[in-house]
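Okay, so here's the structure we're looking at.
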Amino acid sequence: MDDSDGIVVTGVRRSFGRTHAVADAAFTARPGRVTALIGPNGAGKTTLMLMLATLLAPDAGTIRIAGADPVADPGAVRARMGWMPDVLGSWSSLTSRTTLELTGRLHRMSKPAAAGRAGELIDLVGLGDLADRPTRVLSRGQKQRLSLARALVHDPSVLLLDEPASGLDPEARVELRVLVRRLAAEGRTLLVSSHVLAELEEMADDAVYMQAGSTVAADRLAEVRGRTRTWRVRAVDDRALDAALAGSGATADHQGRLVPVVDEEAAADLLARLVAAGVRVTAFAPAAGEFERTFLTLAEEASR
Amino acid sequence: MTGTVLQDPAPNGSARPERGPGGPSVKDSVLMVGTVVDLELRQRVRSVAWYVLLGVAALVLAAVTLLLLATAGAFGGEGGDQVVSVVVYLVLLLGTLVTPALSGAAVNGDRDAGTLATTQITLVGTWQLLLGKFLAAWTAALAFLAVASPFLLIALVAGGVDLGVVLTALAVTVLELGVIAAVGVGLSAVIPRPIFSVVTTYLVVAALSVGTLIAFGLAGLAFPRTVTSTYTPYSQSSYDDQGNVVNPVCDAPQVSTSQSPTYDRVWWMLAANPYVVLADATPSRWSPEGYPDDSFTSVKAGVRSLQIVQPTEQVTDECNPSNDRPAAQPSQRQIVEQTVPTWFVGLAIHLVLGALCLLAGARALRTPARRLAKGSRIA
């Protein structure tokens, strides 16, 4: 699969009146990988998603979803793209099974094929017991599962997931992560937006950062990522740890010691040194996830 | 999210459902519209409240049918023809009252519920979606006609019914309810908030049903014409044995003027009234004396008589009765036969109105959307 199978966005712009919801978006999401879409509220993530989902036309720029243009040929995109919106809507009088069957039929499946696919998806997202009850009785998390199943009805090669984890309990989040990874392993392109950065960190391979309507350029990202990071260290004996860390600029918080390091290489050296010094280390990890650190650094610079 | 493996691991594998990205065929479009109708009827229409409403309609129609048949029995007629016209009028009334509520939130209600966008990103086309919603709303409105069918059968059994009248009245009612369904669905796509599109649809119905009457009445009164009445009395000097006047003396004529409404100039305003369209379209039914035999014909004769130009000069000469020029008094049957039918004009206006609303709705629903209405959220 080459890049034309994923999502390619260049120079996309969209305003509503005087509001520039998306000013300049450019990124690539590749097949077989999970790409995170990260940005603060109002950064234009949902507007961008709507343009990718063929619902909104960009004012300028080009979009390719699995090789097709959503403006010129929305039908071709819709046949290959699944979208899970941030708004959780469901036909309240219909059962989950009927919802999925009808969605399948709207994707030009035959009745038996749609019914079969609905059964598969109900098992896949674990709605088994509730499948034949009206969707109005579903909880938020259960509606979330239904929404994901609906996005998968026509077995799309590109998936757009807008806040898929919100409302899910911890167990369901783990299940979602496993499912997302499996969908990517099957060669699909996934674009996932979420506010829960730790969650994204665990499922995404790549990240696209959005700020005030624009995606953050690659060189700026590299620069931000290259800065000194903080590692969290804990040991059985705090005094031995403090002695070994003397002169490294370490600080302390309620969970242990925070040590600035330049990169992962330096972190590995630090761990080797601590172990060699006889410190019995119990925890050694980045203090914040990669996404969170980049996100916070970008936000901090933007507010300056 | 259990650990089950996807049945179709390869996204481009052979188990993928068949869908032709090429030109959609007619059969394909019909299937799509059918799916939307199915979806709409299941989600929007079939509810307990809906069946209660149909039950209430059935009770009202039953009561009216019984009363009319009893009346006809008392006056020695068969009564079937009256039952037909009243039942169809009631169906049109109930249909026009309920259809705006059924159709007026078809699109923006989905938008509010967050189910419009997820439908639009399937392979269903804008027109297929809109037509499906329109047909579903129409079908729901026609349920009232289905409820009325037993009473129409009772009327047929009671006798005196002209099948041509029944079929024409049904056809016009079906079309009129379709027009209201089209207006409602179209406006629900154009107007962002469901409450406003439902109210606007009701206003359209009211403008046609009541507004045309008010406009007609006011316009007739606003531009009156002057009518000159000449009255020539006489003075008598004596009577003969039978009490007849002998040697009357004519007095000077008394001329007076008055203002009279000019309905003959504005009668066409009523052509767009759905009840007038219904009455005007059905074949006339006359008694041997030239009087209307059913409500449709009564309404038709009443509306048609407005086309006749009333004379601007009235002469009442009591002195020489041969000079009298009283207003002509043709029978209702003669009036209908002399005047112009208007139902096809009214029906055409309604059909064009419905089509325009659907057209505007399709424009508003087009994706990818270039323009958004103020405050509307496309998901």
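The values are calculated or read from the model by the stated rules, or taken from the named source; none is laboratory data. Bear in mind that the values here come from a model prediction, so they are computed numbers and not experimental data. FYI the Cβ positions are ideal-geometry reconstructions off the backbone, even for glycines, and counts take in every protein chain you see. Side chains are part of the model used for accessible areas, which takes the heavy atoms of the whole protein and leaves out ligands, DNA and RNA. Shrake-Rupley method; radii C 1.70, N 1.55, O 1.52, S 1.80 Å.
Brief remarks on what is shown
- Within the range B:186-240, tally of residues that are assigned to a helix (DSSP H, G or I) and among the aromatic types (Phe, Trp, Tyr): 3
- Top-ranked residue of the range B:11-38 - restricted to ones that are at the interface with another protein chain (Cβ under 7 Å from one of its Cβ atoms) and at pLDDT below 50, ranked as least open to solvent (accessible area, probe 1.4 Å): B:PRO11
- Which listed residue is surrounded by fewer than 15 Cβ atoms within 10 Å (Cβ to Cβ), part of a helix (DSSP H, G or I), out of contact with any strand residue (DSSP E or B) (no Cβ under 6 Å at 6 or more places or on another chain) and of a type in the set (Val, Ile, Thr), from B:VAL179, B:VAL165, B:VAL157, B:VAL174: B:VAL157
So that you can scan it fast, the table gives a plain yes or no per residue for (1) in contact with an Asp or Glu (Cβ under 9 Å, 6 or more places away or on another chain); (2) open to solvent by 20 Å² or more (accessible area, probe 1.4 Å):
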{"site": "A:VAL8", "(1), (2)": "no, yes"}
{"site": "A:VAL22", "(1), (2)": "yes, no"}
{"site": "A:ARG30", "(1), (2)": "yes, yes"}
{"site": "A:VAL34", "(1), (2)": "yes, no"}
{"site": "A:LYS45", "(1), (2)": "yes, no"}
{"site": "A:ASP59", "(1), (2)": "no, yes"}
{"site": "A:MET84", "(1), (2)": "yes, no"}
{"site": "A:VAL87", "(1), (2)": "yes, yes"}
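- All positions within the range A:104-113 that are within 8 Å of another protein chain (Cβ to nearest Cβ) and either under 28 Å from the mean Cα position of the chain (by Cα) or part of a helix (DSSP H, G or I) (or both): A:GLY104, A:ARG105, A:LEU106, A:HIS107, A:ALA113
- Filtered residue count, the range A:195-218, keeping only those that are without any contact (Cβ under 8 Å) to a residue 60 or more places away in the chain and acidic (Asp, Glu): 2
- Scanning the range B:27-65 for residues that are out of contact with any helix residue (DSSP H, G or I) (no Cβ under 9 Å at 6 or more places or on another chain) and more than 26 Å from B:ALA137 (Cβ to Cβ) yields one hit, B:ALA63.
- The requirement of being at pLDDT below 85 and within 14 Å of chain A (Cβ to nearest Cβ) is satisfied by B:SER376.
- Checking B:LEU94 against (1) open to solvent by less than 30 Å² (accessible area, probe 1.4 Å); (2) among the aliphatic types (A, V, I, L, M); (3) not in a loop (DSSP other than H, G, I, E, B), the condition it does not meet: (1)
- Candidate set: the range B:215-266, residues that are acidic (Asp, Glu) and open to solvent by 40 Å² or more (accessible area, probe 1.4 Å); chosen: the one nearest to B:THR342 (Cα to Cα): B:ASP251
- All strands (runs of 3 or more DSSP E) inside the range A:1-103 with 2 or more residues being of a type in the set (Ser, Thr, Tyr): A:7-16, A:19-29
- Boolean, B:LEU41 is part of a helix (DSSP H, G or I), surrounded by 12 or more Cβ atoms within 10 Å (Cβ to Cβ), at pLDDT 90 or above and within 14 Å of another protein chain (Cβ to nearest Cβ): yes
- Matching residues, the range A:142-176, being in a helix (DSSP H, G or I) and open to solvent by less than 10 Å² (accessible area, probe 1.4 Å): A:GLN144, A:LEU146, A:SER147, A:LEU148, A:ALA149, A:ALA151, A:LEU152, A:ALA172, A:LEU176
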